[in-house]
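The values are calculated or read from the model by the stated rules, or taken from the named source; none is laboratory data. Note that this is a predicted model, so its numbers are computed, not measured. Because the Cβ atoms are built from the backbone with ideal geometry, glycine has one as well, and the counts that use them run over all protein chains shown.
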Amino acid sequence: MAKEYEYHVFQPITTAQYQESVYKAIGQNWALLTSGNKEKANTMTVSWGGVGVLWEKDVVFVFVRDSRYTKELIDSSGVFSLSFLDHDTYLREYKYMGAASGRNEDKIAAARLHVAMNLGVPYIDEAATVILCTTVFSQVLTTDAEHFRLPGLDQKFYQNGDYHTLYVGEVVKIMCR
Ligand SMILES: Cc1cc2nc3c(=O)[nH]c(=O)nc-3n(C[C@H](O)[C@H](O)[C@H](O)COP(=O)(O)O)c2cc1C
């Protein structure tokens, strides 16, 4: 009989205790952006985003194109998380989550990863660090080329009109293993 999966134990840390380089953690290591609820969750790989402070809140910024299934879940649930898994150990999973769509398959089960919930936010249990967020703001990064102050960006990244929406999430908890 298959052994039941045992969830990992995480310790909470404060935002001030978070000491990762975001350039390294998001840009180089990548993260899994997870959203949904207990019944239905999905995750996708992200390598663009940031953490910071806005409207007196500690926040996370992520950028999600219109075509992503994860976007539908963020819009309907109002919550998301960033799960940081070790890049080398989980490179296959990161590539799969960044290529396949949860619209067509249960990616998390197929990759043999596990979703857990904390404070109503789904996250990937195999992560070393998790940032749980509630969405406080979202806005599509414009269909209007005049907003691109650096000429060429619009042409380079949005030729097919698949624009990013910026999501600002308030950090509700950071958890480390
Ligand atoms: C390294 C890497 C980084 C990515 N970063 C982003 C990102 O920041 N925003 C985004 O919209 N898509 C990004 N993607 C693409 C999505 O992960 C990909 O389209 C995924 O299949 C969407 O899954 P979904 O339809 O299940 O949401 C990235 C893909 C890879 C491989």
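Quick look at the numbers
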read-out	value
Residue check for S83: among the small types (G, A, S) and within 16 Å of L166 (Cα to Cα)	no
Among residues of segment 32-71, those that are more than 8 Å from the ligand (Cβ to nearest atom) and either of a type outside the set (A, V, I, L, M, F, W, C) or more than 11 Å from the chain's Cα centre (by Cα) (or both), counted	19
Which listed residue, of V140, V172, V168, V79, is aliphatic (A, V, I, L, M), more than 13 Å from the ligand (Cβ to nearest atom) and more than 25 Å from V9 (Cα to Cα)	V168
Residue in segment 89-106 that is within 10 Å of the ligand (Cβ to nearest atom), touching a residue at least 24 places away in the same chain (Cβ under 8 Å), surrounded by fewer than 20 Cβ atoms within 10 Å (Cβ to Cβ) and over 15 Å from the mean Cα position of the chain (by Cα) present	yes
Number of the exception - E6 against (1) within 14 Å of E126 (Cβ to Cβ); (2) at pLDDT below 95; (3) within 16 Å of the ligand (Cβ to nearest atom)	(3)
Conditions (1) free of Cβ contacts under 8 Å to residues at least 12 places away in the same chain; (2) within 16 Å of A31 (Cβ to Cβ); (3) of a type outside the set (D, E, K, R); number of the one not met by I124	(1)
Segment 37-63 residues that are closer than 15 Å to V168 by Cα, paired with ones that are away from the ligand (no atom under 12 Å from the Cβ) and part of a loop (DSSP other than H, G, I, E, B) (beta carbon under 8 Å, 6 or more apart)	V51/Y18
